[in-house]
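Presented below is the structure to which this report refers.
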Amino acid sequence: MTRPASPPLLAELRDPSSISAQVAALRALKNEIIGHEQRKESWINLGVVPPVVRILTSARARGKAASSRDGNGMSRDGQGIVHDSFGDAQDEARLQATIVVGSLAQGGPAFVAPLLSAGVIPPLLATLAPGEASPQLLLATLRALDSIAQSLPSDYPGVGLSDASLPSLLCGRRNAENIAAILSQTSSASIIQEQIALTASIIAKSCREDRHRAALARHHVLDALAARLASFIVATGFILSTAEPSADRPHATEAIPPPAPSRAQLAPILEAIAVIIQHSKYRTLQLLFSPAMVAVFPPSSLDPVAKAAWGFALTPRTAHLNPIDQLLPQLPGYYSKSSSPQSAAFPPLGSSRFSRTSSATNLASELGSSNERALAEDIDSPLVAWLVHVARAEGGRIRVMAAWVLSILCRSGFAHKRREASLALLIVPLLVRILKDECDKLDVTQSPDACDGWAVIERAPLVLALLVMDSPDLQKAADDADAIKVLAQLLKKTFEAVPSSTRPAYWSANPTETQYASSSVEALSSNNLGPAGVSPMVTHLMRCRAGALSALAAISPFKDEYRKKIIDNGVVPYIIDSLKPLEPGAAGVSDGISTTSAGNPPSVLLAACSAARALSRSVSVLRTSLIDNGIATPLFSLLRHHNIEVQISATAVICNLVIEFSPMRETILDAGVLHILCQQAHSPSAKLRLNAVWALKHLVFSAPNDVKMSCVRELGPSWLIQLITEETDDFGNYGEEFRPSTPRTPLGMGSSNAAGEQVDLLNSTEPERPCAGDEYEGDLTMTDSIGSLSRSSRPDVSLETNGANSSSRLGTAPSTTENIKARLAVIKDDELDPVQQARRDDIAVQEQGLDLIRNLICGPGAPEMIDFLFSTLGQDQMFHIFESKLRPRVVDGDNQRADRTGARAQRAASAGTTTTYPQYRIGNIAVSASSSSSSPSFSQPPQNANQNQTSGKSIPPTPEIILAVCFVLVHIAAGQPRHRQILISQSDLMSELVPLFNHPNRHIRAACAWIVINLTWVDDTSDQMNGRARALELKNLGIESRLRGMESDPELDVRERVKTALAQLGSLLR
Amino acid sequence: MTSSTTSTATPTRHPFERLVDDARPSKTDINFVIMDYLVTEGYPSAAKKFALEANIQPAADIESIQERVEIRNALLRGDIESAIDGINELNPQILDLDASLHFALLRLQLIELIRTCTVSSNPDITAALNFATSQLAPRAPTRPEFLEDLERTMALLIFPSDSLAPPLAALLDPSLRKAVANRVNEAILSSQGARREAKIRNLVRLRAWAESRARENKKEIPELIPLGLDGPDNLHSESLFQTNGGAEPMVT
């Protein structure tokens, strides 16, 4: 180096001769290092970091003292001026030091590491306090924080920096409030606008955990961002407020923010909002009900009349057509296609949320007349229309980020179902096109300088995935836009070899010179560069890879046509490659990753698992492409991955690979999957437990008895008992009474009477086929559950039944803020309460556990297995559990959990509403695949959320559990005559069954009829006497008369079963 | 040049001209475009005067124009070092993030060093060599175009400055300063979240595009549609803006 690293400069920094000399030294240092990576390195090695950080800290203390004096109104006498100029110099030193830090941090993780170990973050964050810093200093600080946040959490855990202090500190109360204050500045000066944009960008970069997002929402950062967003809405002139203060909202207009200045940047605001509200309906509502949003788009614009006009455009330019919708092209043809006279008659309530998932379509068609069932969550926020408009009008990053927020809103149920048509035509093609353009531009040899546009292509596939994942219509739109081809292209591109180093080494006139300093300075971590971490290009490619895989998974879950197209595009080998994890000990990994071949980070593994799961739903793909490419081996190793989310996803794929007809079943069994799954079933993670039991359920179906028995032994009989008993005795089954006509088919049983015919596996949308034979085969087929398995969101029944009254409640705008607050509180409870979450998890696992037992005792060796279970689990205990499952429970007021329930109910009551809040049920909104960090595994069945029960009431069990129990009984009755005798002798259990014959759920009614059919089945003459006794017992229980009453059941399936049962009963009683 | 941009008066002799006369752009719009040009291109005092004259609100941050103007003036003067310092003062991230712009600036600085030593009677190329070694050479291997640029620049030391091949002569041409100054201006503007160039540039391109489309499709338009700025010989809008737009600062 010809401009030698000047020790005088360093000495000046360490021990300043005067404050102005220090400032000069800092300024010189700044100009030395900006843009010079090589010099940054040698300065760090010289030990420049600690003194600079010290200046930040000490200058702050003194600067603060000075400013507080000013604040006290000290007269500006001579002394004061001296102090001020001293303070000014201090501020200047701090500014220059901050700039130096920011410039060093630009260098990437290697350069951030020494800064962090010198403790740079606390003084930087302290600068954010209001009144603490001049705008310039604040700006420099935000820039430095942004650069640090950029290199902070690596997508590869364990590689590069793993310092979590920035996000945690950032989301602390004081800092979060400071952030909110920065965001709330309304000055149009470009420096202020830049501060706002940087703050939003820091949030987007560092907010990676749910607790951080929740903290930011709690501390009004979300409100501040919403106000910024509202200011853009004002700037476009689309306020829907009448601007006339109404009686109940006298200050409504005050909350309307001034229009956004021309320099304000929309994209970072949208991104930060999306980052905060993702995965949470509660936070999404917080956004919609934030003061500024309510002021700009008052909820009264959601009243039923307006809503009728909202997304509909049935007759364009009706009187109530919303001004914002008028900006969007009318799509009459598309609308008429999806609108039925029925739904037109019930505009805001008409569409079924069900049709979002295919199982739902199935159910909805079964329900027939219940189509117009009111749906509670059908709010169509005007924000949705505005975002569609923005996404169309703007390009690049704004478009993608607007689409992201839009997708979150849609997936949380804040867009009218009718909007899907316009999304299909207006948004999906745009996203695919932007993806294609960016994909064509993607060049692995590109220098990392061009990373400006990277956010677009990293985010666009994820947004597409989020948007289409539950909607067959939107999936079709994506396919029409050729998304599969583009995504396949993108995926393949991420496997192109990255040039060995994307940042070629700098040339040095004297290569040895750079090392000279190290020896002279003590080997502090703040004086040495950290590990290089992951090269930016690799990170970028991995994000693209995860995005492409997620989007492919989201397009293909329902239709074989799309899966076939994916295979035809040659994607499978790449998916298999994406399943290969990064080996922690791999050579050179600890120093940094500069190739994509080193293995995949968890985000990619998760996305690859969901893609594999989507593909494995197709029998043909399962039998050909997936096995040809050897999916089993990499997947199997993921079962033992150290990241539990990866384990969960891998287990979900295993679910599909171990079904009876899978060619991989033997291979996987031989590899010892049973042992792993049984271990996982004991996991503390509810999700993993669920998936493992689920996979076991599939595995034991039609398996030889020795496999079944070893499964029970491996799981542990007492554990299995505990699994199906767990918790419910105390507080398990709520809410059934709120859905008397529950239409929902419990998972995995939808087509159980199809008796193991797997043909309709591929067409989960097909209406259920009626049972073919009258001999009940009685196996719990797993086929349907494959379909449901990866459906990310299941229809939410509880929403449905109360829809009529609840949506009218929602429809009428919340007139007071208290009302809004009360609603938010309920949703918050529902979403965030760990007890409720645990309950949902328990019920889900229980259902699977019962199904597992069912599958254990069906098939050829069933009698032996029944005896085996009776002896290992305890016959009496089993029946006792089954009985308790069927019995309605009384909530015990002494129970601590019941107390909480009561409190919630009280709060709900005080909020002015009297019944439950089913409309706020947080179904598991299909956000899972939207983020690489969360598991794209199927969601927990969202049951039993409504437990705003008054204590002391009796609560019937959920239909899912009832059905599961019933089918276990069906199978026991299908055993040998003595099993039938044992069952009929359980008088308590049998009497619990009686009311179920009139259960609103048709599947339960059918299952009850099956029990009778099996109980009255007579194998041979030796059983004749006992058979007659059983028939008499059934008659005495009043079951026969119940069956007579069911002869005119509206459901064909039930009627047929009842006919058979009555015939058999009759012949025995004759 | 200031007032002439607004001139629309042309003698009527073609149906097209009547159309032009009918389409009267609002004065506000024209004022806005002019103001936008003055602010974006960096003419603070002209902007202030214009605001006064046209009775409109002066653009928000005249101050930020001033900073840009100083940087540009430094560049046009050939004082690259203070320009770089100024850029770093304004936004330290610009050069950290844009290696290619930084390289362009450093190369310009090298060219200025070479210029000083070649024109002086006693050529001492040590300064230039040292600068090249310490500043430019380390970066050269990172990108092929850097290497090529550096090699070509170093060739200036070898050949006599009065008989250079055209590509080399272009390096010593003041227009290179202008080009770099424009890049810097655009980089600063975009770092501030503003448009990279004045609206009127886009309008002029649009006009040229529309005219050529119209001619392609044989629409009835006059053979020449003058902009009405200067003499009749200067009709091509692009070149016109090249010469007028990036001209010497208008500090009055």
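Looking at the stretch B:94-102, can you tell me whether even one residue there is within 25 Å of A:SER188 (Cα to Cα) and either in contact (Cβ under 8 Å) with a residue 40 or more places away in the chain or within 9 Å of chain A (Cβ to nearest Cβ) (or both)? Break it down into steps so the answer makes sense when it comes.
Taking the stretch B:94-102 first, the residues within 25 Å of A:SER188 (Cα to Cα) are B:94.
Among the residues that remain, those that are also either in contact (Cβ under 8 Å) with a residue 40 or more places away in the chain or within 9 Å of chain A (Cβ to nearest Cβ) (or both) are: B:94.
Within the stretch B:94-102 (the criterion being within 25 Å of A:SER188 (Cα to Cα) and either in contact (Cβ under 8 Å) with a residue 40 or more places away in the chain or within 9 Å of chain A (Cβ to nearest Cβ) (or both)), the answer is yes, since at least one residue qualifies.
For the stretch A:108-136, how many residues are open to solvent by less than 20 Å² (accessible area, probe 1.4 Å) and not in a helix (DSSP H, G or I)? Total satisfying the criteria: 4. Restricting attention to the stretch B:234-252, does a residue exist that is at pLDDT 50 or above, assigned to a loop (DSSP other than H, G, I, E, B) and out of contact with any strand residue (DSSP E or B) (no Cβ under 7 Å at 6 or more places or on another chain)? No: the stretch B:234-252 contains no residue that is at pLDDT 50 or above, assigned to a loop (DSSP other than H, G, I, E, B) and out of contact with any strand residue (DSSP E or B) (no Cβ under 7 Å at 6 or more places or on another chain).
Looking only at the stretch B:67-82, count every residue that is touching a helix residue (DSSP H, G or I) at 6+ places or on another chain (Cβ under 7 Å) and either without any contact (Cβ under 8 Å) to a residue 12 or more places away in the chain or more than 28 Å from A:LEU145 (Cβ to Cβ) (or both) and tell me the total.
From the stretch B:67-82, those touching a helix residue (DSSP H, G or I) at 6+ places or on another chain (Cβ under 7 Å) are B:67-72, B:74-76, B:78, B:80-82; that's our starting set.
With either without any contact (Cβ under 8 Å) to a residue 12 or more places away in the chain or more than 28 Å from A:LEU145 (Cβ to Cβ) (or both) added as a condition, the list becomes B:69-70, B:72, B:74-76, B:78, B:80-82.
The qualifying residues number 10.
For the stretch B:138-153, the candidate set comprises residues that are open to solvent by 20 Å² or more (accessible area, probe 1.4 Å) and within 7 Å of chain A (Cβ to nearest Cβ); within that set, the residue that is farthest from A:GLU41 (Cα to Cα) is B:ARG143. Among all positions in the stretch A:843-861, there is no residue which is open to solvent by 20 Å² or more (accessible area, probe 1.4 Å), in a helix (DSSP H, G or I) and in the same structural domain as A:ASN691 (by the TED database). For the residues B:THR116, B:THR133, B:THR126, the requirement of being away from chain A (no Cβ under 14 Å) and among the polar types (S, T, N, Q) singles out B:THR116.
Residues satisfying the criterion are absent from the stretch B:81-90 (criterion: within 18 Å of the chain's Cα centre (by Cα), farther than 12 Å from B:ALA187 by Cβ and more than 13 Å from every other protein chain (Cβ to nearest Cβ)).
Please determine whether any residue of the stretch A:176-183 is in a loop (DSSP other than H, G, I, E, B) and either modelled with pLDDT of 90 or more or not hydroxyl-bearing (Ser, Thr, Tyr) (or both). Scanning the stretch A:176-183, I find no residue that is in a loop (DSSP other than H, G, I, E, B) and either modelled with pLDDT of 90 or more or not hydroxyl-bearing (Ser, Thr, Tyr) (or both), so the answer is no.
Filter the stretch A:665-680 down to the residues that are among the aliphatic types (A, V, I, L, M), open to solvent by less than 10 Å² (accessible area, probe 1.4 Å) and either touching a Gly at 6+ places or on another chain (Cβ under 6 Å) or under 20 Å from A:SER702 (Cβ atoms) (or both) and list them by number. Spell out the reasoning first.
Of the stretch A:665-680, the ones among the aliphatic types (A, V, I, L, M) are A:668-669, A:671, A:673-674, A:676-677.
If we keep only those that are open to solvent by less than 10 Å² (accessible area, probe 1.4 Å) as well, we get A:668, A:673, A:676-677.
Those that are among the aliphatic types (A, V, I, L, M), open to solvent by less than 10 Å² (accessible area, probe 1.4 Å) and either touching a Gly at 6+ places or on another chain (Cβ under 6 Å) or under 20 Å from A:SER702 (Cβ atoms) (or both): A:ILE668, A:VAL673, A:LEU677.
List the number of the failed condition for A:LEU969; all other conditions in (1) over 16 Å from A:LEU1065 (Cα atoms); (2) assigned to a loop (DSSP other than H, G, I, E, B) hold. Only one criterion in (1) over 16 Å from A:LEU1065 (Cα atoms); (2) assigned to a loop (DSSP other than H, G, I, E, B) is unmet by A:LEU969, namely (2). Restricting to the stretch A:10-30, count the residues that are within 14 Å of chain B (Cβ to nearest Cβ) and surrounded by 19 or more Cβ atoms within 10 Å (Cβ to Cβ). Adding up the residues that qualify gives 5.
Residues that are within 14 Å of chain B (Cβ to nearest Cβ), of a type outside the set (A, V, I, L, M) and open to solvent by less than 10 Å² (accessible area, probe 1.4 Å) were ranked within the stretch A:92-101; the one that is nearest to the chain's Cα centre (by Cα) is A:THR98.
Scanning the stretch A:179-214 for residues that are within 14 Å of chain B (Cβ to nearest Cβ) and charged (D, E, K, R) yields a total of 1. Residues in the stretch A:257-271 that are open to solvent by 20 Å² or more (accessible area, probe 1.4 Å) and under 30 Å from the mean Cα position of the chain (by Cα): A:GLN265, A:GLU271. The set of residues from the stretch A:644-664 being in contact (Cβ under 8 Å) with a residue 60 or more places away in the chain, under 12 Å from A:VAL619 (Cβ atoms), open to solvent by 10 Å² or more (accessible area, probe 1.4 Å) and of a type outside the set (Phe, Trp, Tyr) comprises just one member, A:GLU660.
A:LEU142 - would you say it is within 14 Å of chain B (Cβ to nearest Cβ) and modelled with pLDDT of 85 or more? Yes, satisfied.
Residues in the stretch A:55-62: is at least one more than 44 Å from the chain's Cα centre (by Cα), away from every other protein chain (no Cβ under 14 Å), under 23 Å from A:ASP91 (Cα atoms) and modelled with pLDDT of 85 or more? Checked the stretch A:55-62: no residue is more than 44 Å from the chain's Cα centre (by Cα), away from every other protein chain (no Cβ under 14 Å), under 23 Å from A:ASP91 (Cα atoms) and modelled with pLDDT of 85 or more.
Please verify whether the stretch A:1033-1047 includes one or more residues that are within 21 Å of A:PHE870 (Cβ to Cβ), buried (at least 19 other Cβ atoms within 10 Å of the Cβ) and touching a helix residue (DSSP H, G or I) at 6+ places or on another chain (Cβ under 7 Å). Full working, then the answer.
Step one: filter the stretch A:1033-1047 for residues within 21 Å of A:PHE870 (Cβ to Cβ), giving A:1033.
Filter once more, so that each one left must be buried (at least 19 other Cβ atoms within 10 Å of the Cβ): none.
There is no residue in the stretch A:1033-1047 that is within 21 Å of A:PHE870 (Cβ to Cβ), buried (at least 19 other Cβ atoms within 10 Å of the Cβ) and touching a helix residue (DSSP H, G or I) at 6+ places or on another chain (Cβ under 7 Å).
The values are calculated or read from the model by the stated rules, or taken from the named source; none is laboratory data. Quick caveat, the model's predicted, so the values are computed rather than measured. A quick note on method: Cβ atoms are made from the backbone with ideal geometry, for glycine too, and the neighbour counts reach across all protein chains shown. Remember, those area values only see protein heavy atoms, side chains included, never the ligands or the DNA or RNA. Shrake-Rupley method; radii C 1.70, N 1.55, O 1.52, S 1.80 Å.
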